[in-house]
Structure formats: structure tokens, C-alpha cells
Amino acid sequence: MELRWKILLQRQGTDEPVSICSFKRPVNGATPADFGLSFAEGRQLLAALQQLVTQEQINAYDKLRRNCRECGGYRRIKDWRPRTFSTALGKVQVRVPRVVSCLCTPEPYDDDGYSISLRFSECPIEPLLPTRRTPEIAYLCSAHGASVSYREAARSVADMTGLPKLSHTTVRKDTIQCGEYVENEQFRIGWLAGGRKRNCASHLRIAIDGTVLSANQFQEVRKFEVIAGRVERDGQMARRFVSALQRPSLTRVLVAGALDQCGWVPSTLIDVISDGARGMRSLVTSIAPRVSPRILDWFHISMKMHAIRSSVCAYNYFSRRPEIMQRSERILVRVRDALWRGRGETAIEMLCTLAASLAIASQELTFFYQLASSTAYRAAVRLLTFLEHNRKDLVDYQRARMEGRRVSSASAESVMNHLINRRLSKRQQMRWSMKGAHYLLQTRVELLDGRLESCFRKRYPHFRSPEVVRR
């Protein structure tokens, strides 16, 4: 005994249904593999359905455009040509008509009124899919190309859609084109930023940082800088931004666009979180007139103090730990407490004492502790120089934390790690062009922010919004 199904498709307005495919399943002696439709059968069903739907669309589109756009005269069919189109459900081979061009005008024009080359035949459906690929393929290539390497993305998309072959250059081209469109939209928003809004924000927080990428052999430099960050509103991450092109004006416009999408107006107070670099903060101050006072990053202070502590607390099992190392550890704890409570001058004085003690006592120690004390001395000098150069930015971190202000740039570091390093530096050891990295990161920003699909809806009307008739 067997169960048999035959699937028919009937277009509204027609009387004869068309058979798509048929399936059968055994009842006696059935196994778990016979349950439901298999992946191959589902793909076969969708491919047959796609074949019929696309051919019907081509015939209807050709019928609509058969008459001449100028005189309205009927244009006869010259021949039918086979064409292959790539869709999200695999490749589709259809028959496409070519019509004889009308000679009613001295030179032919396209649908937008622009003159085209003189041809004796033309394809009416060529403007519909000029690249012979659906926008769904471009979306999948952009989404996967912004997440993993282009070759791995090409393999993933080809396996997902059932395409026999997909080149990594196609994935790169779609990702770059999507990034160009995103940058144009963000430039338009950033150029007009600061206008009146109904849902304007009274306070925003922006974390901004920079990193470097290795340039390829066609660039004029060996490394170039990438600036990225994120904007937070009400404690929630609202928008990311990134720029790899060495144009400060473009970077400012992209930052302004991200702020504007989060409800920024000229009266909004902005907290800037950075690693202490003056150039990062100046990007925001050149846009926003109201910026909160600068706070020296506690994350970098703690990292420099950790370098001292790891050397001071070093010990071996063959000799007793010297008294100078124990005393230096106690002084370092007091330095950290003084910095946290806003006593910056006291911390600098104690740090000077610590560095001088390590320099004097290093000659009297054994070889192991001599190396440890010299390493701790160099780390203490680096921290001392860092604090002296940023003396006016030392604040009471405990009070600032109680007031709800961010005192660490860990959020900015996480943006660089999540947005850039995972795709361009750490996992993918590649060299990049400035333009390619910039547009790739624009697409990645839209993907991570969950805006990539809405971006394609703007580029391609009716994208992923079919009118489905439900029973």
C-alpha cells in the first residue's frame, strides 16, 4: 500500500491547472526516512514551482511591453532565446522573447527617456533583471560576505540556494555595492543632522575608538586607520558607525548620521567614551556643541597597573620574596585606591616613590627579582607618564560611577572587537584596500544593527513583501 500525491498549480483567470510534481510514500514497511518530504524533494518541488512562476511572469511582462513606447504600434517577435537566471531557489532556465525594434523615432530611447544604441531587436524584459540575478541572491551574498570571508560566504550561499557554482568575486561585488548604498543613505542623514524631532534625546553616550588594518600591495601605505564606535540611548545600544577612508569630513558626517538616528539635537548632552586620544573626542566635539567633561579612561589605567602588579607579585620557589617587592605591592594598592577616589596628585607622588624604590633596589636583588623589578620599573614609568600628561582629566571615579557615568572604554573596545577584528583582523588574516574595507564595514554595521533587510527594501521595492492570499 502506498500514499500518492500530485501537486497542481493553477493561475487565477485560467481553467487548466498545471502539474508540478508527484510524490509517493509506502505505508507497509515504512522507515523513519519515509516521514514527510526530504530536503531534495522539497528543493525539487520549489524549483518546479519557481520554473512555472518565472515563465508566466516573463510572458505577462512581455505582453505588457509588446507595443512601442512612442507610437504604440505592435512589435512582432523576432525569436525566442533561452536564458538562465539565478534565484534564491536555484537556477531557472526560461525562454525569453526578442522583438523587432520600431523605427518610428530617429534614435531609440529606453524607458527613462535616455537614448540607447541603435539595435534592430531588443529584449523587453532586460530592464527587469539586467544582472540575471534576483535581489534575494544579492541580500544573501551581502549578509554572508559581511560575516565571513568571501570564499566561505560563496560556498554557504551556493549550498543554501542550490546554485551549482557561485564565485567569491560575486559575493564581494554585492557586499561592496550594498556598502556604497548604505554610505550614501548615511551621508544624506548626517548632512541634514540636528533637525527637529518628536522623539529627541536629552542625553546620549557615544563610545569611539580606532584600530589599524594591513593594506594590500596596491595602497600607498602599509597600514591605515579605521574609526568605529556606537551610540547608546537610555543604556541600550542604538546605532553603530565606522569609517575606513582617510577623510575626516566623511567620518564626521557618518558620526552625525548615527547621532541623528538616535534622536540627537543640538541641545542633547553627549558623554564621549574613548581611550584618551584627542582626535577621537574632537570628532564628536566638532559636531555636538554640548559634550560632558572628559574623563580619563579607567580601563587603560587598570591595564597599565596590571602590568606593574604582574611583575611586582612575581616569585619563585627557590628564594624568599624580597621586602621591596612586598612593599611595592602595598604601595600599588594605595595608588589604585587614590586614583579611584579622585586623589590624582597623591597617586602620582606615590607612583614616583614606587618607581624610585624599584630603581634603587634592583641592584641588590637576585637575578630573577632583578628582572622582575626592572620590568615593574618600566611599567611604572609608563603609567606615571600617562597620568602626568592627562593630569587634568583625572576625576573622582567612584562618584562618577555612582552618578551613572561610564568611566571605562571597555564598550569602545568591544565595538572594535565585534565590528572589525572578528571579520577583518583576528580571524581573517588578510590585507585590504581602503575602499573595500570601508564598504564592507558599512554593510557589516547594517547587518549587526538589524537594518540590512530594511536597506534592501529601500533599494528594491516589494523586496520580501509579497501579497500572499491566505485561506
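Details
- Pairs with Cβ under 6 Å, 6+ apart, first in segment 159-172 and assigned by TED's automatic domain parsing to the domain that holds Ala47, second among the charged types (D, E, K, R) and surrounded by fewer than 20 Cβ atoms within 10 Å (Cβ to Cβ): none
- Residue within segment 27-43 that is within 28 Å of Ala158 (Cα to Cα), touching a strand residue (DSSP E or B) at 6+ places or on another chain (Cβ under 9 Å) and of a type in the set (Asp, Glu) present: yes
- In segment 34-79, the residues that are of a type in the set (Asp, Glu), in a helix (DSSP H, G or I) and without any contact (Cβ under 8 Å) to a residue 40 or more places away in the chain: Asp34, Glu41
- Only one of the numbered conditions (1) more than 20 Å from Asp271 (Cα to Cα); (2) within 18 Å of the chain's Cα centre (by Cα); (3) not hydrophobic (A, V, I, L, M, F, W, C) is violated by Glu220, and that is (2).
- Where strands (runs of 3 or more DSSP E) sit wholly within segment 191-277, those with at least 1 residues that are in contact with a Ser or Thr (Cβ under 8 Å, 6 or more places away or on another chain), buried (at least 22 other Cβ atoms within 10 Å of the Cβ) and among the β-branched types (Val, Ile, Thr) occupy 203-214, 223-233, 269-273.
- Near pairs, Cβ below 9 angstrom, 6+ apart or cross-chain, from segment 223-251 (in the same structural domain as Ile287 (by TED's automatic domain parsing) and closer than 29 Å to Glu403 by Cα) to any residue that is part of a strand (DSSP E or B) and aromatic (Phe, Trp, Tyr): Ile227/Phe241; Ala228/Phe241; Gly229/Phe241; Arg230/Phe241; Val231/Phe241
- Segment 13-33, subset free of Cβ contacts under 8 Å to residues at least 24 places away in the same chain and in a loop (DSSP other than H, G, I, E, B), residue farthest from Leu89 (Cα to Cα): Gly29
Rundown of residues vs (1) in a helix (DSSP H, G or I); (2) free of Cβ contacts under 8 Å to residues at least 12 places away in the same chain; (3) acidic (Asp, Glu); (4) not assigned by TED's automatic domain parsing to the domain that holds Ile273, yes/no style:
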| position | (1), (2), (3), (4) |
| --- | --- |
| Phe386 | yes, no, no, yes |
| Lys392 | yes, yes, no, yes |
| Val395 | no, no, no, yes |
| Val407 | no, no, no, yes |
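- Qualifying residue in segment 441-458 (condition: over 15 Å from the mean Cα position of the chain (by Cα) and either assigned to a helix (DSSP H, G or I) or outside the structural domain of Arg336 (by TED's automatic domain parsing) (or both)): yes
- Within segment 156-210, the set of residues being among the charged types (D, E, K, R) and within 22 Å of the chain's Cα centre (by Cα) comprises Arg172, Lys173, Asp174, Glu180, Glu183, Glu185, Arg188, Arg205, Asp209.
- Subset of segment 156-212 (residues that are in contact with a strand residue (DSSP E or B) (Cβ under 7 Å, 6 or more places away or on another chain) and among the charged types (D, E, K, R)): Arg205, Asp209
- If the condition is being at pLDDT 90 or above and over 20 Å from Glu413 (Cβ atoms), then segment 293-308 contributes only Ile308.
- Looking only at segment 310-344, residues that are free of Cβ contacts under 8 Å to residues at least 12 places away in the same chain and not basic (Lys, Arg) come to 8 in all.
- Some residue of segment 444-459 being buried (at least 18 other Cβ atoms within 10 Å of the Cβ) and either within 30 Å of Leu339 (Cα to Cα) or hydroxyl-bearing (Ser, Thr, Tyr) (or both): no
The values are calculated or read from the model by the stated rules, or taken from the named source; none is laboratory data. If you're wondering where the values come from, they're calculated on a predicted model, not measured in any experiment. Note that each Cβ is placed from the backbone with ideal geometry, even for glycine, and that neighbours are counted across all protein chains shown.
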